[in-house]
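Asker: My questions will all concern the structure given below.
The values are calculated or read from the model by the stated rules, or taken from the named source; none is laboratory data. Values in this document were obtained by computation on a predicted structure and should not be read as measured data. For neighbour counting, all protein chains shown are included, and Cβ atoms are generated from backbone atoms with ideal geometry for every residue, glycine included. Side chains are part of the model used for accessible areas, which takes the heavy atoms of the whole protein and leaves out ligands, DNA and RNA. Shrake-Rupley method; radii C 1.70, N 1.55, O 1.52, S 1.80 Å.
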Amino acid sequence: PYTTLFRSLVFDVLLKVVPGSYYDKWHYSLLSFYFFSLSALFVSLYSPLINLFNAVGKVNKSLKFMVYFTILTWVLIPPMITLFGYPGISYAFLIMSLSFFLVLREAKQVVSFSMQAILKDVLIALSVMTGLIIVLRLILVNTFHQDALFLVSAIVLGGGSYAGIRSEEHTSELQSHS
């Protein structure tokens, strides 16, 4: 989740900072990039759940989802490309990744767990990182037009805040179990 959000918050500025005409063509693909990033977020959440089915001996459920994803790929991508051109692939992938909710529902029938409890600490760290990067962007990019300084600051302060909070949460969790 961290890298998906981070990429989405800084990629357009990165394209302005990197010199050369090679990167100019990427500006047209930003919307697709954002859709692929959001899709990656959902896939990163359901992939471990598919592995859960295998781990508890429910390989048949895992296989059914793999067949489902394959059929979705065949059914969604060609019409989306026809309707929207090449960006249609990213739209189709986002729609397919929303199957996370189906996988989650099935996983909860197999094993009792709380997705909220699992993601709580991550969401806190992401919220702090996102807030910090948005403030940095407003100040450095929108006000002072310092794109390169924003990228460095976002990497160091944004990534550092996320890592620091996650590290602190992990340390607190370990101390509570001892």
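Matching residues to (1) within 14 Å of the chain's Cα centre (by Cα); (2) among the polar types (S, T, N, Q); (3) open to solvent by 80 Å² or more (accessible area, probe 1.4 Å):
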| position | (1), (2), (3) |
| --- | --- |
| Ala92 | no, no, no |
| Arg105 | no, no, yes |
| Val110 | no, no, no |
| Ser114 | no, yes, no |
| Ile118 | no, no, yes |
| Leu136 | no, no, no |
| Asn142 | no, yes, yes |
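Asker: Something else now. Mind listing whichever residues of segment 121-140 are without any contact (Cβ under 8 Å) to a residue 60 or more places away in the chain and in contact with an Asp or Glu (Cβ under 9 Å, 6 or more places away or on another chain)?
Answerer: Listed by number, the residues that qualify are Asp121, Ile124, Leu140.
Asker: Six or more apart or on different chains, Cβ under 6 Å: which pairs go from a residue in segment 27-40 that's at pLDDT 90 or above to one that's open to solvent by 60 Å² or more (accessible area, probe 1.4 Å)? Could you list them?
Answerer: Listed pairs, sorted by first residue: Ser37/Arg7; Ser39/Phe93.
Asker: In segment 63-79, what count of residues is obtained for those that are over 22 Å from the mean Cα position of the chain (by Cα) and open to solvent by less than 50 Å² (accessible area, probe 1.4 Å)?
Answerer: 0
Asker: While we're on this one: Restricting attention to segment 60-115, report how many residues are more than 20 Å from Leu45 (Cα to Cα) and charged (D, E, K, R).
Answerer: Residues flagged as more than 20 Å from Leu45 (Cα to Cα) and charged (D, E, K, R) within segment 60-115 amount to 0.
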